[in-house]
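Student: My structure is below; once you've seen it, I'll send some questions.
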Amino acid sequence: MIAVDERKRAGDGYDDDPSRHYSWDERVPNATAVAVGDVIALWDTHTLLGLSVIEAIEEGLGRKELRACPACGRADVAPRKTMSPEYKCWKCGDDFDQPLIREVEVKTYRSRHEAGWIDLRGTVSAAELRQLCEKPKSQLSLRPLRWEDFRDRIETGKNRTPLKILDETREVIAGGHRKASVRVRVGQPAFREAMLATFGETCAFTGPAPAQALEAAHLYSYAATGKHHKGGGFLLRRDIHRLFDLGLIAFDPDAETIVVAPDLTSYPFYTQLNGRPLAITANNEHLKWLTKHWNMHRALYRHHS
């Protein structure tokens, strides 16, 4: 389990999108400790943003600007926020305002983790997260978490959230589907355009919605198949999409109605969806995938009649 500090890194050449991908390079400590199948948690130094399972790690080459001490040449010196001179070299002790700047070629890494993303923004504070790291005082961008303690905090603590989707995604990767699991979502924009052409600006569970709020949702595990199946998706509002992926909102194929998990009973907007039909016309292919989704998550609905 790797915890990643989702840094404010303007000008450093990174293009992070927490729910989809995260970038780093070989000069980052623990750079090669991250692997496909790892759970990755991202935070912004203030709060947890979310977590997912790494489906792929893309490797490449890039250039990185290094700041070095003008006295001893130590690289990667960092500015101080409130002290002057702005820089201090912790190797030789020299203080200075302007570091030496040089560019080097580096190996780059970029995770892909969109399929299993669970949005947990604001649910765990930075102070809690630091205490859940193996080394609470670590300042590294990539740092290991005490996974079992972290999981217990997410699933049983304040704002508890089930992490079953992470287990399922990891099982797919560990079960011999590595080649398929590491595929990047090539064609995702076209997949969404096809959904808009088919269904219009309509969330399948809640009805009409602005296109900007709609996401193309796979009804199957994209990580497992690596393909955009015809009839294997429809449009969902972003919040509904996340709850659907978690299994907290589903479609009961026997009753032919939407069902909402008991965990959401304190949220009237979602519970009012209980018993409603889909807002779109589903074909046999859609119903096949919805049934698989229902069978995967039906244990969450043990009180459903």
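The values are calculated or read from the model by the stated rules, or taken from the named source; none is laboratory data. What you see is a predicted model; the values in this text were computed from it and never measured. We place every Cβ from the backbone using ideal geometry, glycine too, and count neighbours over all the protein chains shown.
Student: Only one of these conditions is not met by V106: (1) out of contact with any helix residue (DSSP H, G or I) (no Cβ under 9 Å at 6 or more places or on another chain); (2) of a type in the set (A, V, I, L, M); (3) touching a residue at least 60 places away in the same chain (Cβ under 8 Å); (4) over 22 Å from W24 (Cα atoms). Which number is it?
Tutor: (4)
Student: Looking for whichever is at pLDDT below 60 and farther than 20 Å from D252 by Cβ here; the options are G200, G187. Which one fits?
Tutor: G187
Student: Okay, next question. Looking at (1) modelled with pLDDT under 90; (2) out of contact with any Asp or Glu (no Cβ under 8 Å at 6 or more places or on another chain); (3) more than 30 Å from A217 (Cβ to Cβ), which is the one condition that is false for L100?
Tutor: For L100, the failing item is (1).
Student: Still on this structure, I have one more. Somewhere in region 86-93, is a residue surrounded by 12 or more Cβ atoms within 10 Å (Cβ to Cβ), assigned to a helix (DSSP H, G or I) and touching a residue at least 12 places away in the same chain (Cβ under 8 Å)?
Tutor: no
Student: While we're on this one: Considering (1) over 24 Å from N159 (Cβ atoms); (2) modelled with pLDDT under 90; (3) crowded, with 19+ Cβ neighbours inside 10 Å, say which one R9 fails and leave the rest.
Tutor: Every listed condition holds for R9 apart from (3).
Student: Return yes when E128 is surrounded by 13 or more Cβ atoms within 10 Å (Cβ to Cβ), not assigned by TED's automatic domain parsing to the domain that holds D17 and not hydroxyl-bearing (S, T, Y) and no when it is not.
Tutor: no
Student: Still on this structure, please answer the following. Identify, by number, the condition in (1) surrounded by 13 or more Cβ atoms within 10 Å (Cβ to Cβ); (2) of a type in the set (S, T, N, Q); (3) outside any helix (DSSP H, G or I); (4) at pLDDT below 90 that Q139 doesn't meet.
Tutor: Among (1) surrounded by 13 or more Cβ atoms within 10 Å (Cβ to Cβ); (2) of a type in the set (S, T, N, Q); (3) outside any helix (DSSP H, G or I); (4) at pLDDT below 90, Q139 violates only (1).
Student: In addition: When region 58-101 is examined, which residues are found to be of a type in the set (K, R) and touching a Pro at 6+ places or on another chain (Cβ under 6 Å)?
Tutor: R67
Student: Would you check which residues across region 29-46 are surrounded by fewer than 16 Cβ atoms within 10 Å (Cβ to Cβ) and either on the phi < 0 side of the Ramachandran plot or at pLDDT below 90 (or both) and list them?
Tutor: Within region 29-46, P29, T32, A33, A35, D44, T45, H46 meet the criteria.
Student: Read through the list (1) part of a strand (DSSP E or B); (2) within 29 Å of D149 (Cβ to Cβ), then give the number of the only condition that G122 fails.
Tutor: (1)
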